[in-house]
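Student: If you scroll down you'll find the structure; I have some questions about it.
The values are calculated or read from the model by the stated rules, or taken from the named source; none is laboratory data. Here the structure is a predicted model, which is why all the values come from computation and not from measurement. Ideal geometry is used to build each Cβ from the backbone, glycine not excepted, and the neighbour counts take in all protein chains shown.
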Amino acid sequence: MLNRRAIGLPVFVYGVRNMVQQGTHKTAFRSPRCQALSDYWWNLRAETPDGVPTRAMIDPGQIKPLLPYLLIHDLATPGKSVLRLVGTAIAERFGLDPTGRDYLEFVSPERQADAYHHLICTATHPCGMRVINRARYQSGKWTVAEAVGYPLRHHNTDAPMMLFLDDLVEEARYDMNQQEHPVALFHIPEREYLDVGFGVPNPREQDDDGNPITRKEP
């Protein structure tokens with residue numbers, strides 16, 4: 001069994017004592033960092049009467065080892081997903097810091113509508129989402145990463161946000177053919193919705209790559 005203390009990741013004790021919380025145990029994360037973020041979010045959820053934590057509740061001091069791998073998507077503006085936080089490990093992959101920019105700028109035009117669809121569905125339903133993504137960056141780097149996201153809301157406006165952790169699960173590889181765009185290829189071979197107490201959306205039977213969407217329910 002993974003000893004997260006031994007590798008410097010935070011360990012949290014669950015505070016939710018109901019059937020909903022048990023749903024997190026059914027998700028088999030490949031990345032221990034994804035598991036650690038999931039544990040942390042569920043503890044925030046236990047402190048939130050309506051089950052959706054605010055961004056202001058996040059204490060960076062409690063999750064220092066996870067910070068380089070975090071993203072916060074701000075979905076307050078319809079049709080946009082503004083990146084309010086981008087960890088240094090993710091910025092390094094992009095070859096730039098995209099903080100403050102619309103995430104959809106980094107998605108190929110044919111995928112933009114589907115990418116936004118999944119983000120806004122999970123943020124507003126609300127539910128969590130886990131994906132395996134394969135990307136090729138402008139530098140020639142190819143990566144396979146696991147990402148898990150959970151809903152947040154603005155403290156003052158209740159506008160929807162998503163907190164993600166994105167961590168490599170395979171060693172990166174490189175080629176010499178640089179691309180014009182920061183992310184030249186982006187493929188999602190696995191996607192699943194995670195029930196956080198409100199059920200899961202059922203917008204379609206297949207995701208944007210034609211794969212069945214798995215629904216993790218308590």
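Student: Does ASP39 count as under 20 Å from CYS121 (Cα atoms), modelled with pLDDT of 95 or more, surrounded by 15 or more Cβ atoms within 10 Å (Cβ to Cβ) and among the acidic types (Asp, Glu)?
Tutor: Considered against the rule, which asks whether it is under 20 Å from CYS121 (Cα atoms), modelled with pLDDT of 95 or more, surrounded by 15 or more Cβ atoms within 10 Å (Cβ to Cβ) and among the acidic types (Asp, Glu), ASP39 comes out as no.
Student: Also, I was wondering about something else. Being of a type outside the set (Val, Ile, Thr), farther than 15 Å from ALA36 by Cα and surrounded by fewer than 21 Cβ atoms within 10 Å (Cβ to Cβ) is the filter here; which residues of the stretch 55-82 pass it?
Tutor: Correct list: ARG55, ALA56, MET57, ALA76, PRO78, GLY79, LYS80.
Student: Something else: Inside the stretch 39-146, counting only strands (runs of 3 or more DSSP E) that do not spill past its ends, which hold 1 or more residues that are touching a residue at least 40 places away in the same chain (Cβ under 8 Å) and closer than 22 Å to ILE188 by Cβ?
Tutor: 70-74, 128-137
Student: Given the options ASP166, ASP207, name the one that is crowded, with 20+ Cβ neighbours inside 10 Å and either modelled with pLDDT of 95 or more or among the small types (Gly, Ala, Ser) (or both).
Tutor: Numbers: ASP207 fails: either modelled with pLDDT of 95 or more or among the small types (Gly, Ala, Ser) (or both).
Just one listed residue meets the conditions, ASP166.
Listed here are the residues, each with its yes/no results for (1) at pLDDT 95 or above; (2) of a type in the set (A, V, I, L, M); (3) closer than 18 Å to TYR40 by Cβ.
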position	(1), (2), (3)
ASN133	no, no, no
ARG136	no, no, no
LYS141	no, no, no
ALA145	yes, yes, no
ARG153	yes, no, yes
ALA159	yes, yes, no
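Student: For the stretch 160-181, which positions are assigned to a loop (DSSP other than H, G, I, E, B) and farther than 26 Å from GLN35 by Cα?
Tutor: ASP175, MET176, ASN177, GLN178, GLN179, GLU180, HIS181 - these are the residues of the stretch 160-181 that are assigned to a loop (DSSP other than H, G, I, E, B) and farther than 26 Å from GLN35 by Cα.
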